[in-house]
Amino acid sequence: MTTHRTRMLIIGSGPAGYSAAIYGARAGMEPIVVQGLQPGGQLTITTDVENYPGFEDVIQGPWLMEQMQKQAEHVGTRMMWDTIVEVDLEGGSPFRAIGDSGDEYVGDVLVIATGAQAKWLGVPGEQELGGKGVSACATCDGFFYRGKKVAVIGGGNTAVEEALYLTNHSDDVTLIHRRDELRSEKILQERLFKSDKITPMWNKSVERFVAGENGALAKLELVDTVTGEKSELEVDGAFVAIGHAPSTELFKGKLPMDDGGYLLVEAGTPKTEIPGVFACGDVMDHTYRQAVTAAGTGCMAALDAERFLATLEFAAKEAAE
Ligand code: NDP
């Protein structure tokens, strides 16, 4: 077992973790990023990215994350190919984490950037057609379905917002929900029912995503959740919007979370309840969930980490005198 000591320990390697690392390294905190099971995070499983500022042309999600990783390394971040399996936050700074490799990581500040995962239906065709008609993010991919026929699956705020967003690109949006009542906020429902571009389809579950001859999504096989009757819907794009799950298993009982498992932070900051522990990106944000907002909160975490360390080091100096 090796112990890796740093002033700034970052868990997670999406835009939030890498941005925290870039700012942290430039502030001399010599960060360590423990990258986790999916280095680069959710963007590594998307294809075209058109909404990350700074690029005139369409870029690829995995390429963008590779650039962020290299930039973080270039300014002095150490990347670790390891997955944290245990954290010890008791007693305050320094904080300890144990990796899958058996190595120990000790940081004066801890930045949690473990992200979130879109929930999937888990039915045939869904995974295979990811990026070929099946997506979990209308804001990211809706543009590619301009003038085409699309469906959104789900009945919560995300599903309704995605359906409304898609009307910017498509005049033919079907919202497929497994019940006959939405759980989304009333104001969103009103907007949905007012739109002549959205058709709600009640009591239907998607059983299979089916490819056409070109290998891209062509139709959905549906089943009625009340009668059991089977049907089909031809679509070019389908957006699964049945919620996200934040990766916060490690912090259960150690940090406060909301009902959805998202880490709670002081409003408008990345500060958790424990001084020196910061959370940024999708792990603390179920509303915006964009690469650019995650990068923004990563930057905020690094700036607050720097201030925390300065206070800590000043106090230690005072005590020594
Ligand atoms: P929710 O958990 O609120 O809704 C998930 C929806 O997906 C539900 O309608 C649920 O159906 C459906 N669903 C779940 N599993 C399946 C399945 N296996 N098959 C078919 N349908 C399924 O998730 P959201 O992402 O919509 O929202 C998460 C949180 O984020 C909420 O607190 C929400 O309010 C918040 N949010 C807020 C926004 C805002 O304020 N503007 C925007 C987006 C999200 P059923 O209803 O039958 O359970």
Over 24 Å, how big is the tail of the calculated P(r) for the chain, in percent of all Cα pairs?
57
Dipole size in debye (nearest 20) for the chain around its Cα centre, Lys and Arg Cβ +1, Asp and Glu Cβ -1?
240
Restricting to the chain, what percent of DSSP beta bridges are antiparallel, rounded to 5?
45
Region 133-291: radius of gyration over Cα atoms, expressed as a fraction of 2.2 N^0.38 Å
1.19
Amide H neighbours of Leu175 under 5 Å, counting only residues 5+ apart in sequence or on other chains, H built in-plane at 1.01 Å?
Val152, Thr199, Met201
Charge-dipole axis of the chain as Lys and Arg at +1 and Asp and Glu at -1 on Cβ define it, positive-most pick from Phe209, Ile198, Ala294:
Ile198
Tell me, what % of the accessible area of the chain is carbon and sulfur with a 1.4 angstrom probe?
50
Evaluate the relative contact order of the chain (contact order divided by residue number), counting alpha-carbon pairs under 8 angstrom at least 6 apart; express in whole percent.
20
Kindly report the accessible area of region 240-287 per residue (heavy atoms of protein chains, probe 1.4 Å, no ligands, DNA or RNA), in Å².
45
Computed over region 138-205, the Cα gyration tensor eigenvalues, each multiplied by 5 and square-rooted, give semi-axes in Å (largest first) of 18, 12, 11
At a threshold of 8 angstrom on Cα-Cα distance, excluding pairs fewer than six apart, so keeping six or more, what relative contact order does region 1-71 reach in percent?
30
Ignoring ligands, DNA and RNA, what accessible area per residue does region 1-126 give at 1.4 Å, in Å²?
46
Amide H neighbours of Gln60 at under 5 Å, excluding residues fewer than 5 places away on the same chain, with H built from the backbone geometry, are Val49
For the chain, any Cys whose C-beta has no other cysteine C-beta under 4.7 angstrom counts as unpaired, and these are Cys280, Cys299
Using only the alpha carbons of region 1-71, what is the convex hull's orientation-averaged projected area in square nanometres?
5.3
Take region 261-321, compute every pairwise Cα distance, and split them into 5 Å bins from 0; I just need the percent in each bin.
4, 19, 25, 20, 12, 8, 6, 4, 2, 0
Glu221 neighbourhood, Cβ < 10 Å, K/R = +1, D/E = -1, net charge +1
Considering only Ile98, Ile153, Ile32, give the residue with the highest GNM mean-square fluctuation for the chain, with springs between Cα atoms whenever their separation is below 10 Å.
Ile98
What list of ³J(HN,Hα) couplings, whole Hz, do you get for region 76-81 from phi and the Karplus terms 6.51, -1.76, 1.60, once you set θ to phi - 60° and write x for glycine and proline?
x, 8, 9, 9, 10, 7
For region 5-13, take each phi angle, set θ = phi - 60°, evaluate the Karplus expression 6.51 cos²θ - 1.76 cosθ + 1.60, and give the result in whole Hz per residue in order, putting x for glycine and proline.
9, 8, 6, 10, 9, 10, 9, x, 10
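The values are calculated or read from the model by the stated rules, or taken from the named source; none is laboratory data. Predicted model, so just to flag it, every value in this text is computed and none were measured. With ideal geometry, Cβ positions are generated from the backbone for all residues, glycine too; neighbour counts draw on all protein chains shown. Note: accessible area is taken over every heavy atom of the protein model, side chains too, but ligands, DNA and RNA are not part of it. Shrake-Rupley method; radii C 1.70, N 1.55, O 1.52, S 1.80 Å.
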